[in-house]
Amino acid sequence: MNETKKHSHDHDHSHWSDMDLKVKTLESLLVEKGYVDPAALDVIVETYETNVGPRNGAAVVAKAWNDEAYLERLRENASDAIAELGFTGRQGEHMQVVENKPGVHNIVVCTLCSCYPWSVLGLPPVWYKSAPYRSRVVIEPRSVLSEFGVKLPEATKITVWDSTAEMRYLVIPERPSGAKDWSEEQLAKLVTRDSMIGTGLALLPNEVPA
Amino acid sequence: MNGPHDMGGMQCYGPVEPEKDEPVFHGDWEKRALAMTVGMGFAGKWNLDISRFARESLPPDFYLTKSYYQIWIAGLQKLMLERGMVTPSELESGKLEVPAIEVRRVVSVDEMPDALAAGGPVDRDAILEPGFATGERVRAININPQGHTRLPRYVRGKVGEIVEVHGCHVFPDSNAKGEGENPEWLYSVAFDSQQLFGRDAEEGNVVMVDCWGSYLEHA
C-alpha cells in the first residue's frame, strides 16, 4: 500500500536477531553499572506477561453487568471500584469507564503515543500502537471498525476517547441478550479485549469458545 | 513539537491489521525492552513526560518505520546518553568503561511487585478553582511549541464543550522540560468530528480530548 508500511514490516522481521543482541548488550551494561537488578526485571516481565491482562477488565465488566451498585461505584470513581477487585498499578492510576448503550458506542485511542489501561487490559496490542489506528480512528471510526469486522447501526453515535492525558478509559460493552442468569465468571467469558477498547462487541452466548 | 507522533486525522497509513491471537511479546528482546524501560524509570533521572518527548523527538523516519519496542530502546538509550549514565562506546561493547552515576533507586526483586502496583499517580491538590465548568464552550488554543505538548494538532483552534472536570494533574508541557509539575485542572472536551475535520469526516461522531486548562480559552 505504501512505502512506510512495507518498510516497517521488513524491519520487524529481518532485524529481530539484531535487536536480541542490542538488547542483551544493553542489559548487561545496565546490570554491570548497578542501575537495574535483572531478577527484578524478570518480575516486570512476568507481571505483564501472565498476571495483568484483559481477564482483569473482563472481571470488572462482568461485575458491572451483574451488580448495579458496583456499576454505580464505577461511574463515581472507577479507579477505586476497580481496585476493589485488586487491579491497581501503572497506567491505571486514573480510570474512567465509558458505557456502550443502544445508539451510543465508545472507542478508545491514544493518537499521540500508546496510552492504554494496563491495570485492566495489560499491554496494548501492536495494532493499537500502530499509525493506521492512531491516525484514522478519530476521523473515520466506522471505517476502522469495519476492519475489525464490526458494523454498527447507521443511527449509532460514536464517541472516540483520545487518551491525551493520564486518564485511562475502559469501555463497558453492551451486555448481550441470552445470558440472563449467568454468573459473573460465565459473563466474563463474553468480554473480549477488543470489546473493552471499543473495536469489538461482547460475544454472544453461543460464540463463547468451548 | 509538531512531530510524526501526532497522527490524529492522517489518512495515509493504510488499513488497521489486527493480528489474530497476538502474543503479549514478539520475542524475548521485547520483554527485556519493556522491563528495562520500566525498571530504569525508578532511577529518577527523568519523568514520564521527559521519556515521552525522548521517543517522539527521535528522527521521523526512525519513528515511522521501527517497531514499538525498537522506539522504546532508542528512547531509553537517548535518555541515558544525555545524562551521562552510559557512553556510546559502552552501548556498543556492553562493558563498563566509566563509573555509574548515582541514581535515586534500584528496585529489588522483593520490592518490585509493590513498586509496580503503586504506579505513579499524577493528580495533585488544587490550589485554584477550575477555570471552566461542565457544559461551557471552549476553544483549544493554537500553539506550536518546540517542546512536548499533549494538545494534538487536530484540535488546535477548534471549539468544543467541557463534559467533565477531572481534577488537577501534572502539566506535561513544563514537566517534560524539567521545569516542574505545575499542576493544572484537566478537562474532557467534546469536539464534533465535523467541526474538527469538516465534511470529509464521518458525520455525527464526537471526539473527546483531555485538555489542561492552559490549552483552553472561553469561546
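Readers should treat all values here as calculations from the given coordinates under stated rules, not as data from a laboratory. On a predicted model such as this, the values are computed, not experimentally measured, just so you know. Glycine gets a Cβ as well: all are built from the backbone with ideal geometry, and neighbour counts include every protein chain shown.
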Once you've got the GNM for chain B with C-alpha springs shorter than 10 Å, pick whichever of B:ASN205, B:ASN182, B:ASN142 has the biggest mean-square fluctuation. B:ASN205
Obtain the nm distance between the two label points defined at A:GLU68 and A:LYS24 by a simple spin-label model: each point lies 7 Å from its Cα along the Cα-to-C-beta direction. 6.0 nm
In what order do B:VAL24, A:VAL60, B:VAL122 fall by count of nearby beta-carbon atoms within 10 Å, going from fewest to most? B:VAL24, B:VAL122, A:VAL60
In debye to the nearest 20, the charge dipole size for the protein assembly as shown, taken about the Cα centre with +1 at each Lys and Arg Cβ and -1 at each Asp and Glu Cβ, equals 740 debye
Could you check which residue among B:ASP173, B:ASP123, B:ASP49 shows the biggest mean-square fluctuation in a GNM of chain B with a 10 Å Cα cutoff? B:ASP123
Above 23 angstrom, tally the Cα pairs of the stretch A:95-194 and express them as a % of all pairs, no decimals. 28 percent
Show me, for the stretch B:205-217, the HN-Hα J-couplings you get by feeding each phi into the Karplus relation (A = 6.51, B = -1.76, C = 1.60, θ = phi - 60°), rounded to Hz, glycine and proline as x. 9, 10, 10, 9, 10, 7, 10, 6, x, 6, 7, 10, 9
Between helix A:3-14 and chain A: long-axis angle, C-alpha atoms, 0 to 90°, nearest 10: 60 degrees
Going by amide H atoms built from the backbone, whose H comes under 5 Å of the H on A:GLY200, apart from near neighbours? A:SER195
Relative to the compact-globule scaling 2.2 N^0.38 Å, provide the ratio for the alpha-carbon radius of gyration of the stretch B:123-218. 1.10
Arranged by the count of other C-beta atoms within 10 angstrom, fewest first, what order do B:TYR68, B:TYR187 take? B:TYR68, B:TYR187
Rg/Rh for the stretch B:85-146, where both radii come from Cα atoms and Rh is the Kirkwood radius: 1.23
Kirkwood hydrodynamic radius (C-alpha pairs) into Stokes-Einstein, the protein assembly as shown, 10 °C and 1.306 mPa s, D in µm²/s: 71 µm²/s
Would you mind telling me which residue in B:ALA74, B:ALA176, B:ALA115 has the biggest mean-square fluctuation in a Gaussian network model of chain B, where springs connect alpha carbons within a distance under 10 angstrom? B:ALA115
May I ask what percent, to the nearest 5, of DSSP beta bridges between residues of the protein assembly as shown are antiparallel? 60 percent
Can you give the three extents of the C-alpha atoms in the stretch B:33-86 along their principal axes, from longest to shortest, in whole Å? 29, 20, 20
Which three extents, in whole angstrom, do the alpha-carbon atoms of the stretch B:28-118 cover along their principal axes, largest first? 40, 32, 27
Please list the radius of gyration and Dmax for the stretch A:31-168, considering alpha-carbon atoms only, with Å as the unit. 17.1, 60
Count the DSSP beta bridges whose two residues both fall in the stretch A:53-205, then state the antiparallel fraction as a percent rounded to the nearest 5. 10 percent
Per residue of the stretch B:100-109, in order, report the coupling 6.51 cos²θ - 1.76 cosθ + 1.60 (Karplus, θ = phi - 60°) as ³J(HN,Hα) in whole Hz, putting x for Gly and Pro. 5, 9, 5, 10, 5, 7, 10, 7, 7, 3
Placing +1 on the Cβ of each Lys and Arg and -1 on the Cβ of each Asp and Glu in the protein assembly as shown, which of B:LEU151, B:GLN194, A:GLY200 has its Cα farthest towards the positive end of the resulting dipole? B:GLN194
Between helix B:68-82 and chain B, what is the angle of the helix's C-alpha long axis to the longest principal axis, kept within 0 to 90° and rounded to the nearest 10? 70 degrees
Sort B:THR65, B:THR149, B:THR134 so the one with the fewest other Cβ atoms within 10 Å of its own Cβ comes first. B:THR134, B:THR65, B:THR149
Once amide hydrogens are built 1.01 Å from N within the peptide plane, the residues lying 5 or more places from A:LYS157 or on another chain with amide H under 5 Å from its amide H are A:VAL104, A:HIS105
Averaged over its residues, how many other protein chain Cβ atoms are within 10 Å of peptide B:58-70's Cβ atoms? 4
Debye log10 I(q)/I(0) for chain B, one point scatterer per Cα, at q = 0.13, 0.17 Å⁻¹: -0.96, -1.37
When the charge dipole of the protein assembly as shown is computed with +1 on Lys and Arg Cβ and -1 on Asp and Glu Cβ about the Cα centre, the Cα farthest towards its positive end, among A:ILE82, B:GLY120, A:TRP182, belongs to B:GLY120
Work out from phi, with θ = phi - 60° and the Karplus expression 6.51 cos²θ - 1.76 cosθ + 1.60, the ³J(HN,Hα) of each residue of the stretch A:76-83, listed in order in whole Hz, and give x for Gly and Pro. 6, 7, 5, 4, 5, 5, 6, 5
